[in-house]
Amino acid sequence: MLIKTFVLTPFQQNTRVLSCARTRKAICIDPGEPSAEVVEYIRKNDLELQAIVITHGHLDHCGGVTALAARFPEAEIVLHRDEMHLYEKLAQQPSLMGIMPDQARAMGMEYEDPPQPTRFVEDGEVLEIGDLRFLVRHVPGHTLGHIVLAEQSEKSVFTGDCLFSGSIGRTDLPGGNYDQLLTSIKEKVLTLGDDFTVYCGHGPETTIERERTMNPFLTGQYRL
Ligand SMILES: [Fe+2]
């Protein structure tokens, strides 16, 4: 698997293009904003973009779906059904977050309504992309319909805003639930195995072992 990360948006979100080295089939996880760099990477490397996968519907994770889907109309648009309430309100998200319209414009956060998803995924489903098999796990807590994608043979998991290096996703936004997030991480992410590399939605990569043993939210060192 080839992994290319683009750090986009004022929130420094990790947009990733993952591709099968043999077949050149690819997915983009969480296109945060329109990006010529992402499009060029896909084109220059002869990748066949099969899907745009959205871990969750916050603007810094799906603000680039409209532009990317326009360039690659054959790509599926994939998310969990429980995330539609956020995804559909992309255009309203800046004002719901207290960002004034002129501020939003300056930050590149003016959105039109995004295209309709072409596929909803559930916990346990597998997305096949060339030789890669991404297991979907539903991990509510940061948002209601948040998903992570785990590629078993590559020992890699893409966690969006569920789990970070040394931290976890915030739970103070609508749909957030601290206890539920901890349960999701413990049952759906840590169980993948210590040797998995964790590719987070923000910040550096880490491993399951490191988070299981050192993340203060998971070790019980930090409690709300
Ligand atoms: Fe988020």
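Taking every DSSP bridge with both residues inside the stretch 39-166, close to 70 percent are antiparallel. The residue among 54, 3, 70 whose Cα reaches farthest toward the positive pole of the charge dipole of the stretch 1-90, with charges on the beta-carbon of Lys, Arg, Asp and Glu, is 3.
With the charge dipole of the chain set up from +1 on Lys and Arg Cβ and -1 on Asp and Glu Cβ about the Cα centre, the Cα lying farthest toward the positive end among the listed residues 197, 120, 168 is that of 197.
In the assembled protein chains, residue 142 presents an accessible area of approximately 10 Å² (probe radius 1.4 Å).
Length, then width, then depth: along the principal axes, the Cα atoms of the stretch 108-161 run 39, 27, 22 Å. Principal semi-axes of the equivalent ellipsoid, √(5λ) from the alpha carbon gyration tensor of the stretch 138-213, are 19, 12, 11 Å from largest down. Surface exposure of the chain, expressed per residue as accessible area with a 1.4 Å probe, stands at 45 Å². Convex hull volume per residue, computed on the Cα atoms of the chain, equals 106 Å³.
Counting only heavy atoms of the protein chains and using a 1.4 Å probe, residue 97 has close to 90 Å² of accessible surface.
In the stretch 76-224, carbon and sulfur make up what percent of the accessible area (probe 1.4 Å)? Could the numbers behind the result be given before it?
Details: 3460 of 7200 Å².
Within the stretch 76-224, the accessible surface is 48 percent carbon and sulfur.
Suppose we keep just the DSSP beta bridges with both residues in the stretch 98-224; what percent of those would be antiparallel, to 5?
80 percent
Ratio of Rg to Rh for the stretch 1-126: 0.97 [Cα atoms; Kirkwood radius as inverse mean 1/r over pairs]. Take the Cα of residue 92, step 7 Å toward its Cβ, do the same at residue 7, and the gap between the two points is 3.4 nm.
The values are calculated or read from the model by the stated rules, or taken from the named source; none is laboratory data. As the structure is a computational prediction, the values presented were derived from the model and not from experiment. All Cβ positions, even for glycine, are placed from backbone atoms using ideal geometry, and neighbour counts span all protein chains on display. Note: accessible area is taken over every heavy atom of the protein model, side chains too, but ligands, DNA and RNA are not part of it. Shrake-Rupley method; radii C 1.70, N 1.55, O 1.52, S 1.80 Å.
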